[in-house]
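What follows is one structure encoded as structure tokens, with my remarks underneath.
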Amino acid sequence: MTTALTEPADRVGRGWMTALSLANVAIWVGWYGPLQILLARQAEDFAPGAGMSKETLLAWVTGVGAVVSLTANPFFGALSDRTTSHRGRRTPWIVAGAAGGALSLLLLAGAGGLWLMMLGWCLVQLTLNAAFAAVTAAVPDRVPRLQRGAVGGWLGAAQILGAVAGTGLATAAAGIAAGYAACAAFTLAGVLPYVLRYEDLRLPVTDRPAWSAKTFFRGFWLSPRRYPDFGWAWLTRFLINLSNALVILYLLYYLRDRLHHDDPERGVLILTAVNSVTLLATVVVGGVRSDRSGRRKPYVRWSGVLMAAATALLSVWQTWPGAIVVAALLGVGLGVFMSVDFALMTDVLPKARDRGKDLGVINVANSLPQVAAPALAAPIVTYLGGYRVLYLVAALVGLAGAVLVGRIKGVD
């Protein structure tokens, strides 16, 4: 058994965690700069010529991109499991994914209409998911179980810092094209410290399973009957992420059209910053406390309940001060959830040989809500009661996820 396929025992150092977290920040910048600001701006520009509302156009673009993400993450995770490069299993995919993501963002910068915008966003999802699958799989490869809550906390902090940095770059840049260029440069530069400084674990050719297309593609199905804890953990993450996606999707339009905020783009940045501060206050602390106690489920359950309650508050308190309070509460809950849920997911992985692929399947629970959220949100906002009903539905979805974590039996 090679080191790449054994359960890690040695704790990782702060330098490794910092470099991996920075790589994670870079990937999330490439996603959140477009999602928070740039795609919405382009949707406004292209909607009249496309003959649809800006909300519908944005829903189509993000929804199709999320479909690409659904397949890309587990696919590239499975490929990285089989990679026998002298640079390791994960590093080649981090480099290729970040470089491809930067080029795809530059393609989006030059988009002149709906179809090129959609193509560019699909390529961003394809390439950055290759990098993200490899970055995520590096954790169970290198981090022992009782340190994964802390590492998950740092990766959670990296995600929100990526959201803030991406939103800030997109907002501060002089125009849409400049915003995409800034995000592209950051995405490429941010992965370099990790891939240049830290050697990846190598998989010898003799330990790579024989190729079989049938076995390869059948491996993406993990039976909930055979792996029930894996199935319940996946469903919990999906529901809570779906709730969060429903809140975020039309945030810019909510501030502009419902709250009539004077500067909605700046409002999005302020809410993101408030959310980030409270998230950063809990994300690492929650993971460390979970590691010390050896418990995962209570942290996931109660953080999910808090987020559901905050989202319900947004449904009944539709003012700018209300939005700030909700952003703060969501940050507290999401910080604990992100770090401890990540550790919980790595605890229920079936096989060391398939870590990249299995984490890719779990990450579908991150990207599938991007498909489901537009399909649910667009008709609710347009025909079924507007933002008040949207946020009430989001609260109920998140509460269901918090309750179902109790069905996981193999993790305390």
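Brief remarks follow.
- The eigenvalues of the Cα gyration tensor, multiplied by 5 and square-rooted, give region 215-348 an equivalent ellipsoid with semi-axes of 32, 18, 12 Å from largest to smallest.
- Based on the Stokes-Einstein relation at 10 °C and a viscosity of 1.306 mPa s, and on the Kirkwood radius from alpha carbon pairs, region 1-121 is assigned a translational diffusion coefficient of 95 µm²/s.
- Under 28 Å from the Cα of Lys214 - lysines, other chains or at least 8 residues apart: Lys351, Lys357
- Cα-centred dipole magnitude for the chain, charges only on beta-carbon of K, R (+1) and D, E (-1), debye, nearest 20: 1240 debye
- Overall size of region 272-391 from C-alpha positions, given as principal axis extents largest first: 47, 30, 23 Å.
- Highest-first packing order for the peptide set 305-312, 41-48 is 305-312, 41-48, based on the mean count of other beta carbon atoms within 10 Å.
- Shape call, region 10-81: gyration tensor on alpha carbons, a/c limit 1.5: oblate
- Our helix-only sum for the chain, with -39,500 (n - 2.57) per DSSP H run of n ≥ 4 divided by its residues, gives a mean residue ellipticity at 222 nm of -25500 deg cm²/dmol.
- Rounded to the nearest 10 Å², the accessible area of Asp207 at probe 1.4 Å: 40 Å²
- Kirkwood radius and radius of gyration were both taken over the C-alpha atoms of the chain, and their ratio Rg/Rh is 0.95.
- Accessible carbon and sulfur surface of region 15-77 relative to its total accessible area, %, 1.4 Å: 68 percent
- All other residues whose Cβ lies under 15 angstrom from that of Ala134 are scored, Lys and Arg at +1 and Asp and Glu at -1, for a net of +2.
- Rolling a 1.4 Å probe across the protein heavy atoms gives region 23-93 an accessible surface of 30 Å² per residue.
- 37 °C / 0.692 mPa s Stokes-Einstein diffusion coefficient of region 109-258, Kirkwood radius on C-alpha pairs, µm²/s: 169 µm²/s
The values are calculated or read from the model by the stated rules, or taken from the named source; none is laboratory data. On a predicted model such as this, the values are computed, not experimentally measured, just so you know. No Cβ is skipped: glycine too gets one built from the backbone with ideal geometry, and neighbour counts run over all protein chains shown. Just so you know, the surface numbers come from the protein's heavy atoms only, side chains and all, with ligands and any DNA or RNA stripped out. Shrake-Rupley method; radii C 1.70, N 1.55, O 1.52, S 1.80 Å.
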